[in-house]
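Accompanying notes for the structure given below.
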Amino acid sequence: MDFSTFLWTTFAAFLTLATYSFLYKDNPFYKIAEHIVTGVAAGYFAILLWHNGLVPKLWFQRIDDGDWWWLWLNSSKPWYLIPAILGMLMWTRFSKKYQWVSRWPMALYIGISAGIAVPLEMSNRVNKQLYDTMADLNWANFFGQGTYAMFDTTSGLSQLLIVIGVVAALIYFFFSKAHTGLFGGVAKVGIWTLMIGFGASFGFTVMARISLFINRMQFLGGWGQEAFNASGTTPNPNYSAWYQVFFWLLALLVIGYAAYEIVKHLRSRKT
Amino acid sequence: MKLKLFVVSLVVLLSFSIAFAQEDTLTVPPIPPDSALLPAAVTGLVAKDTDNDHGHAITLKWQPSADDGAGRQSVAMYEVFRWVPDLMTRIPALRDTLEYLKLRTGDGWSPPEPGSRTDSIHNVFASLDDAQLEERKESLEQTISQAIRDLPAAHAAYPEDGDWQQVAVAPAGSATAADVGTKEKDTPDYLPDYSDFYYRVDAVTADPAIRTASEIVGPVQSYGQWFNKGRLAVSVFVLIFGLLTIFFVQHARRGADLYVRPMAGIEAVDDAIGRATEMGRPILYVLGLGTADMIATIASFTILGRVARRVAEYQTKLIVPAYEPVVMAVAQEVVKTAYYDAGRPDDYDEDIVFFVTSLQFAYVAAVNGLMLRELPATNVYMGKFFAESLLLAETGAVAGSIQIAGTDEIAQIPFFIVACDYTLIGEELYAASAYLGREPILLGSLKAQDWAKAGVIALAVAGLALSNLAVAYDWSWASSIVDFFRVVD
């Protein structure tokens, strides 16, 4: 790793530690990390929109015939100007007098989106689920084969449980009827079904998060190894002392802040 | 005499030399495969436009070869060939040249690697100056455009100036294949609609040289359909649901008292606003990471309106950090309207709703910092959430806030359940807006949803029974009824 890369990696290590310091409490180091990442993200987003959206899709765009047209004027697709005008109407928000004009593009955007969503949601969340629920059960292998095979996804029993779970969960989502009596009992089965599903999903996602944590620890470990050239990849031995200087500076920062907080805590206890 | 002898000798020598020369240049003709080894051809080949699509695709069906899985069992696969005019095969090469000319006339041009494809094009144009290159580029662009326009006519000229090209492969045992192109004219897979296509299918053995071609079918044209019949069930469902909604909205408008069961999460909203007022702390409302076109975000706007109105009445502070600019603009309108409705337009501040950033974890870092510095009494998370859900909810719990969450993102609901005081699960988020608003339109649609759910339950149970009976008793009519509900995209 060359020296400039090591400097950036040290900065990344600092940001990692600064972000983890939030686990203790809000502190100046977390604030630094937060403001850097938020500022960079805002700037990055603005540039991304400019280069990936405005310039190639509106300012200059190539038409099917291979020609480039400015603002789609005199092109075969002049209607591309309509979203451009709608976008510009959003800028009326800066004027108190004409602010109301910005409601037009917003209304159009949300209205179109809602209209598109209706058949899509109906297809994906209702029709497809309904058809899959209408499956013929595996009667020949109802209890599965082998130990614990009863709950194998291919066993008829599992399929039947899924159908019961679907019906019960749907009943839980009835809003215009009180959940009492038999109806309430079935709704309770429904919420249990949902909770079992959520529990499995929770465990699955936590596993993924732990792997992210391990990855960060490996990064910090690798950075420490690099500082002492433990991996033997430092290209220029003249800089090796500087690598360690940056390591100890960061270590001193962490230890110093921890000591400051401990002293502050002890003093507050005395008073 | 000597002359005659000389001429005769010369002729004989010449004859020998020609004969030997011919023997040298003679190529051994390929040995035709033993006809006994050739597989039987596929029969009944039919090619037609692929149904329920936007065009640019042809579906082929055939009866498998007699030697596929039977007879000599020698068929390994089927290769589908389409007759392609030379014009179509020339277009990619023209495009390569055009790309080269664009690079050459643009910024940052550097000579290509020797021996590469671009290098071979470069050798042709190396001596041209910029003006000539620009001229060639414009001319080439027009040539390509014209070539694309001429494709239907070139296809109509079958079998002149063209050749067969393999367009699909199907394993042995198959009886169908699709030749799927794109509608993008500037891609190599472009398949022009309303052009005459001709197809044949080869039954191929393990030795690719041993194959038998089918009869040629055509002409067949691809074209798009206005309606996708595979989604008929969706349109029927949308229609029924729309009628139910209209009926119940009218019912509610006539003054019918439509019951909505209490939801703890929503009932807690008013209490939480009261708590914030008593404590003199703000209320943090997070709209999630969804864009303004997402249903969860739209539902969240309704709830935000209600919360903002109560906040205005109680004169409490509201903080709404936005993730997306359009969401911010809509949220500002919603909050402003709520303050006007509450009769406190002067209390409205543009900075109640503010933009943070559109990067997920940068947004989380900012909102988490905000929570620990402002210490809001109540955090409301309503909308679309992703991996940031637990990070936000955990920090809110650490800050000692009452937390109410609602999302339709199933993977994130568990995190809200463990870290928040109240959670609206999935559709409860949509119902919450109706419950809070008590407006006839929302209440009517909620009632319609319940009826639709009842219908879905009835259909699921009936369909399950029919499906199983169809298998047990071989009832094809029952299978047809179940198949009606299948959605083909």
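Taken together, the values in this text are just the output of simple stated rules run on the coordinates, not laboratory data. Predicted model, so just to flag it, every value in this text is computed and none were measured. Don't worry about glycine lacking a Cβ; one is built from the backbone with ideal geometry, like all the others, and counts go over all protein chains shown.
Structural descriptor for chain B: relative contact order 15 percent, calculated from alpha carbon pairs under 8 angstrom and at least 6 residues apart.
Each of B:R136, B:R344, B:R104 was scored by other Cβ atoms within 10 Å of its Cβ. Listed from fewest to most, they are B:R344, B:R136, B:R104. Between helix B:264-279 and chain B there is an angle of about 60 degrees, using the helix long axis and the longest principal axis of the Cα atoms.
For chain B, the longest principal axis of the Cα atoms and the long axis of helix B:428-437 meet at an angle of about 40 degrees.
Taking the Cα centroid of segment B:293-324 and of segment B:373-395, what is the distance between the two, rounded to the nearest whole Å? Value for the Cα centre distance between the two parts: 14 Å. Of all aspartates and glutamates in the structure, those lying under 17 Å Cα to Cα from A:K97, and not within fewer than 8 positions of it along the same chain, are B:E333, B:D346, B:D349, B:E350.
Look at the stretch B:420-426: the mean tally of other chain Cβ atoms within 10 Å of its residues' Cβ atoms is 2. Would you mind telling me which residue in A:I116, A:I191, A:I36 has the biggest mean-square fluctuation in a Gaussian network model of chain A, where springs connect alpha carbons within a distance under 10 angstrom? For chain A, modelled as a Gaussian network with Cα springs under 10 Å, the answer is A:I116. A straight line joining the Cα centroids of segment B:82-96 and segment A:103-178 runs 47 Å. Remark: for residue pairs A:K96/B:K384; A:K128/B:K185; A:K31/A:K270; A:K264/B:K317; A:K57/A:K96; B:K102/B:K183, the C-alpha separation exceeds 26 Å in A:K96/B:K384; A:K128/B:K185; A:K31/A:K270; A:K264/B:K317; A:K57/A:K96. Between rounded, prolate and oblate, where does segment B:258-371 land on the alpha carbon gyration tensor, with a ≥ b ≥ c its root eigenvalues, rounded for a/c under 1.5, else prolate if a/b exceeds b/c? It is rounded, given that a/c, with a ≥ b ≥ c, falls under 1.5.
The amide H of B:A322, built 1.01 Å from its N in the peptide plane, has B:F354, B:F355, B:V356 as neighbours under 5 Å, considering only residues 5 or more places off or on other chains. 3J(HN,Hα) along segment B:333-345: 5, 4, 5, 4, 4, 4, 5, 5, 4, 7, x, 10, x Hz, from the Karplus curve 6.51 cos²θ - 1.76 cosθ + 1.60 with θ = phi - 60°, whole Hz, x for Gly and Pro. Under a model in which nothing but the beta-carbon of Lys, Arg (+1) and Asp, Glu (-1) is charged, the protein assembly as shown shows a dipole of about 2580 debye around its Cα centre. Per residue of chain B, the DSSP helices (runs of n ≥ 4 H) give a summed -39500 (n - 2.57) that works out to -16500 deg cm²/dmol at 222 nm. For peptide B:229-236, the mean count of partner chain Cβ atoms within 10 Å of a residue's Cβ comes to 3.
Listed values for segment B:249-259 are Karplus-derived 3J(HN,Hα) couplings in whole Hz (6.51 cos²θ - 1.76 cosθ + 1.60, θ = phi - 60°), namely 5, 4, 4, 5, 5, 6, x, 5, 8, 8, 7, and x replaces Gly and Pro. Pairs of alpha carbons in the protein assembly as shown separated by more than 44 Å make up 52% of all such pairs. Taking all C-alpha pairs of segment B:406-471, those more than 15 Å from each other amount to 66 percent. Taken along its three principal axes, the alpha carbon spread of segment B:320-446 comes to 36, 34, 26 Å, from the longest extent down to the shortest.
For segment B:312-420, a simple Cβ point-charge model (Lys and Arg +1, Asp and Glu -1, everything else neutral) yields a dipole of about 260 debye relative to the Cα centre.
Most simply put, the protein assembly as shown has about 65% antiparallel DSSP beta bridges, counting only bridges with both residues inside it. Its relative contact order, with pairs defined as Cα atoms under 8 Å and 6+ residues apart, puts chain A at 14 percent. Please work out whether chain A counts as rounded, prolate or oblate from its C-alpha gyration tensor, where a ≥ b ≥ c are the square roots of the eigenvalues and a/c under 1.5 means rounded, while otherwise a/b larger than b/c means prolate and anything else oblate? Verdict is oblate for chain A. Proximity of backbone amide H atoms, modeled 1.01 Å from N, is registered between B:A157 and no other residue at under 5 Å, excluding neighbours fewer than 5 places apart on the same chain. The antiparallel fraction among DSSP beta bridges confined to chain B stands at about 60%.
Less than 5 angstrom separates the built amide H of B:T378 from those of B:L284, B:I402, all sequence-distant by 5 or more or on a different chain. The convex hull around the C-alpha trace of chain B, projected and averaged over every direction, spans 43.4 square nanometres. Computed from backbone phi with θ = phi - 60° and the Karplus coefficients 6.51, -1.76 and 1.60, the 3J(HN,Hα) list for segment A:257-271 is 5, 4, 5, 4, 5, 5, 4, 4, 5, 5, 5, 5, 5, 5, 6 Hz; x is used for glycine and proline.
Charged side chains reduced to their Cβ positions (Lys and Arg at +1, Asp and Glu at -1) give chain A a dipole of some 1300 debye around its Cα centre.
Look at the dipole of segment B:43-220 built from charges on Cβ: of B:Q142, B:T176, B:S74, the Cα furthest out on the positive end belongs to B:S74.
D for segment B:43-220, whole µm²/s, Stokes-Einstein with Kirkwood Rh over alpha-carbon pairs at 4 °C and 1.567 mPa s: what number? In µm²/s, the coefficient is 69. Using a cutoff of 8 angstrom between alpha carbon atoms and counting only pairs six or more residues apart, the relative contact order for segment B:43-220 works out to 38 percent. Our compactness index for segment A:91-224, the C-alpha radius of gyration over the empirical 2.2 N^0.38 Å, is 1.71.
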